[in-house]
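The values are calculated or read from the model by the stated rules, or taken from the named source; none is laboratory data. If you're wondering where the values come from, they're calculated on a predicted model, not measured in any experiment. For neighbour counting, all protein chains shown are included, and Cβ atoms are generated from backbone atoms with ideal geometry for every residue, glycine included.
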Amino acid sequence: MTEPLIELKGISKSFGDNKVLDEVDLTVYRGEALGIIGPSGTGKSTILRVIAGLIAPDAGEIYVQGRRREGLIEDGADPLGISMVFQQAALFDSLTVEENVGFVLYQFSRLPRTRIRELVEEKLQMVGLAGIGDRYPAELSGGMRKRVSFARAIMSNPEHPEEGPEVVLYDEPTAGLDPIASTVIEDLIRQLQSTQGACGTYVIVTHQESTIRRTADRIVFLYQGKVQWQGTVSEIDTTDNPLIRQFMSGSVVGPIQVVG
């Protein structure tokens, strides 16, 4: 493997009496596409939020490029940038696409508005949405809103290039999309991985089989708060692990407990 960028060691997290993560170990390597899969409610989105520094674990350690993180992301900058694409795109409805994509630059940089508009247009071109900066989220389809959120996630400040995102976290990026729109998003995720000025490393949480197979190289399977299996995408079809076989087949018979 290449250089470890992010390491979770013994991460546990509970919400009330519900233990969502139970001593999870996970490593994200530079340049990889890591998929996190598993039944609903098994802590997949929680892991993304722990990696992003949005919530703190109850126990365990987080290392970013070899340096231990203390507290949340707001308590101290990580040695590399981490961006997150939320499941519902999480755009500001009252702002235009341009203002959404350039939000961080408008709020925290001293760049002139004309330069920010240029940078926004560059990112919109990367996601195939050139020329829509003056529209509002309500005027966009679900797939277009997802792509706008991608453009926002890969935005960086040329005044401080060292703070630009190197890792993107995708939380169910194809949820709620039809098969064609899902394919567009899956292709875009792969395209951005190899595009200069975007991010070459990402972690993706998904339930959809097409997204698993088309966007991930390595898979981590979570169930009951623990990593139950790890392997490559090709090994999904050859493993004898009963959890993987049940999950990928969609069977109600097997070790995964079916709620209801």
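ASP78 satisfies every condition listed in (1) surrounded by fewer than 17 Cβ atoms within 10 Å (Cβ to Cβ); (2) farther than 26 Å from ILE185 by Cβ except (1).
Residues checked against (1) at pLDDT below 95; (2) under 21 Å from GLY200 (Cα atoms):
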residue: ILE219; (1), (2): no, yes
residue: TRP229; (1), (2): no, no
residue: ILE236; (1), (2): yes, no
residue: GLN246; (1), (2): yes, no
residue: SER251; (1), (2): yes, no
residue: ILE256; (1), (2): yes, no
residue: GLY260; (1), (2): yes, no
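If we scan the range 23-46, do we find a residue that is of a type in the set (Asp, Glu), farther than 30 Å from ALA130 by Cα, surrounded by fewer than 18 Cβ atoms within 10 Å (Cβ to Cβ) and touching a residue at least 60 places away in the same chain (Cβ under 8 Å)? There is at least one residue in the range 23-46 that is of a type in the set (Asp, Glu), farther than 30 Å from ALA130 by Cα, surrounded by fewer than 18 Cβ atoms within 10 Å (Cβ to Cβ) and touching a residue at least 60 places away in the same chain (Cβ under 8 Å). Among the residues making up the range 87-102, those that are at pLDDT 85 or above, under 20 Å from ASP171 (Cα atoms) and surrounded by 13 or more Cβ atoms within 10 Å (Cβ to Cβ) are LEU91, ASN100, VAL101.
Has the range 153-169 got any residue that is polar (S, T, N, Q), surrounded by 15 or more Cβ atoms within 10 Å (Cβ to Cβ) and touching a residue at least 24 places away in the same chain (Cβ under 8 Å)? For the range 153-169, residues polar (S, T, N, Q), surrounded by 15 or more Cβ atoms within 10 Å (Cβ to Cβ) and touching a residue at least 24 places away in the same chain (Cβ under 8 Å): present.
Within the range 128-152, residues that are more than 16 Å from ILE185 (Cα to Cα) sit with their Cβ atoms under 8 Å from residues that are assigned to a loop (DSSP other than H, G, I, E, B) and β-branched (Val, Ile, Thr), at 6+ positions apart or across chains, in these pairs: GLY133/THR96; ASP134/THR96; ARG135/THR96; TYR136/THR96. Taken over the range 218-250, the residue count meeting the criterion of being closer than 24 Å to GLN88 by Cα and either of a type in the set (Val, Ile, Thr) or loosely packed, with under 15 Cβ neighbours inside 10 Å (or both) is 2. Return yes or no: is PHE221 under 15 Å from ALA33 (Cα atoms) and either in contact with a Leu (Cβ under 6 Å, 6 or more places away or on another chain) or not polar (S, T, N, Q) (or both)? Criteria met by PHE221.
Out of LEU21, LEU34, LEU26, LEU48, one residue alone is assigned to a strand (DSSP E or B) and under 11 Å from the mean Cα position of the chain (by Cα). It is LEU34. Considering the range 84-136 alone, what residues qualify as being more than 12 Å from MET155 (Cβ to Cβ) and of a type in the set (S, T, N, Q)? GLN87, GLN88, SER94, THR96, THR114, GLN125 - these are the residues of the range 84-136 that are more than 12 Å from MET155 (Cβ to Cβ) and of a type in the set (S, T, N, Q). ILE73 passes every criterion in (1) under 17 Å from the mean Cα position of the chain (by Cα); (2) modelled with pLDDT under 90; (3) crowded, with 19+ Cβ neighbours inside 10 Å apart from (3). Regarding LEU177, is this residue more than 30 Å from MET144 (Cβ to Cβ), crowded, with 16+ Cβ neighbours inside 10 Å and not small (Gly, Ala, Ser)? Criteria not met by LEU177. So for the range 76-93 (the condition being in a helix (DSSP H, G or I), on the phi < 0 side of the Ramachandran plot and not acidic (Asp, Glu)), does at least one residue qualify? No: the range 76-93 contains no residue that is in a helix (DSSP H, G or I), on the phi < 0 side of the Ramachandran plot and not acidic (Asp, Glu).
Applying the set (1) modelled with pLDDT of 90 or more; (2) of a type outside the set (A, V, I, L, M); (3) touching a helix residue (DSSP H, G or I) at 6+ places or on another chain (Cβ under 8 Å) to GLY225 leaves exactly one unmet item: (3).
Selection of the range 26-66 for residues being closer than 19 Å to LYS13 by Cα and of a type in the set (Gly, Ala, Ser) yields GLY38, SER40, GLY41, GLY43, SER45, ALA52, GLY53, ALA56, ALA59, GLY60. Would you check if LEU72 is more than 21 Å from SER12 (Cα to Cα) and not basic (Lys, Arg)? Judged against the criteria, LEU72 is not a match.
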